[in-house]
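The structure appears below as structure tokens.
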Amino acid sequence: MWLPSVCVVLLSLLSASLAVSEPPEKPIDPECTVTSPFSENFFDLRKLRRDRTANPPQTDWFVKGQDYGANFSLNICGPVLADVTAEGVPKGAVAAYYEMNGTAYSIGSVSASPRFRGRKLVLAYENGSPCPGAPSYRKSTLMSLMCDHEQFQKPSVSFVGQMNDCAYFFEVRTAAACATVNQAQALGPGAVFGAIMGVFALVYLIGGIVYQRTVMHARGLRQIPHYHVWVAALGFIWVRVFAMPLLLSLRVLSWILGGCRTSQTLLDASSEATRWKRGEDDWA
């Protein structure tokens, strides 16, 4: 049995378009943010970055070195605010450092690209000062960022350990490491309302067509739900929006043209009367 149902056609066209269409390109995350490849959650670490222009003034994050013999100062996704010159690193590129025996050592240069290592959110700093005993290697830092809703005002940064005075490990507990909404990709209220209304209209159309066809045995355009109401509404809109303004415009145009013709007729009659008057004066 041939069933030219509109809903079947719509569904087949939709499935065909979804099958042929290519997946959209993944948007690039801004600096100091990352999207999880597993859950597609968005993580924004920009609140942790210390800024020179902030009011009130800010300072670097201070971390106790415990038994290491030195304390650390670091920034997240930016250079340290302290005016420090570290061994073997250009000034302004130091993201974390410590001082020992009057010398500053960089344990990593600036990076604003957090990433996921497995399911762990990490931020790595590389190309710090040369490692002792191995000048071809550079000091580096690896920070593990963990979600902690209690650390909302400021992060809790802890020094975990180091390896051969060359690799340093920190743990950062902060609310900024919790999943949030990407404002650049979030749908606004208007878009959400439009999507809801679109789904409602689609359900109304497909459900109404199925009901009209199977229960009311309607065919053709009469399968559209509330067909007579829509026809009456479209007729009303046509008359009020298009037909009446068009007729009114034609009537005004006709009145203007008729007035011009009447004026021209009066002018012609006046000219003829003037000529006739002059003719009488000549005969006199």
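The values are calculated or read from the model by the stated rules, or taken from the named source; none is laboratory data. If you're wondering where the values come from, they're calculated on a predicted model, not measured in any experiment. Here the Cβ positions follow ideal geometry from the backbone for every residue, glycine too, while neighbour counts run over all protein chains shown.
Quick look at the numbers
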| quantity | calculated |
| --- | --- |
| Total residues in segment 207-225, condition touching a helix residue (DSSP H, G or I) at 6+ places or on another chain (Cβ under 6 Å) and of a type in the set (Lys, Arg) | 1 |
| Odd one out for Pro135 among (1) in contact with a strand residue (DSSP E or B) (Cβ under 9 Å, 6 or more places away or on another chain); (2) more than 15 Å from Cys32 (Cα to Cα); (3) not acidic (Asp, Glu) | (1) |
| Criterion (surrounded by 13 or more Cβ atoms within 10 Å (Cβ to Cβ) and touching a strand residue (DSSP E or B) at 6+ places or on another chain (Cβ under 9 Å)) met by exactly one of Asn164, Asn127 | Asn127 |
| Test result for Val122, modelled with pLDDT of 90 or more, surrounded by fewer than 19 Cβ atoms within 10 Å (Cβ to Cβ), in contact with a strand residue (DSSP E or B) (Cβ under 6 Å, 6 or more places away or on another chain) and not charged (D, E, K, R) | yes |
| Single residue of segment 60-84 satisfying the filter (under 32 Å from the mean Cα position of the chain (by Cα) and assigned to a loop (DSSP other than H, G, I, E, B)) that is surrounded by the most Cβ atoms within 10 Å (Cβ to Cβ) | Ile76 |
| Exclusive hit being under 24 Å from Glu40 (Cβ atoms) and more than 28 Å from the chain's Cα centre (by Cα), set Met163, Met100, Met143 | Met143 |
| Single residue of Leu234, Leu202 found to be loosely packed, with under 12 Cβ neighbours inside 10 Å and either more than 30 Å from Glu31 (Cα to Cα) or at pLDDT below 90 (or both) | Leu234 |
| Close pairs (9 angstrom Cβ cut-off, 6 or more residues apart or separate chains): under 29 Å from Met216 (Cα atoms) in segment 226-255, not basic (Lys, Arg) anywhere | His226/Gly208; Tyr227/Gln212; Tyr227/Ala218; Tyr227/Leu221; Trp230/Ile224; Val231/Leu221 |
| Sole exception among (1) in a strand (DSSP E or B); (2) of a type outside the set (Val, Ile, Thr); (3) over 20 Å from Ser158 (Cβ atoms) for Gly92, by number | (1) |
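So that you can scan it fast, the table gives a plain yes or no per residue for (1) touching a residue at least 60 places away in the same chain (Cβ under 8 Å); (2) under 25 Å from Arg52 (Cβ atoms):
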residue	(1), (2)
Ala82	no, yes
Gly88	no, yes
Glu99	no, yes
Ser106	no, yes
Phe116	yes, no
Leu121	yes, no
Arg138	no, no
Pro155	yes, yes
Ala175	no, yes
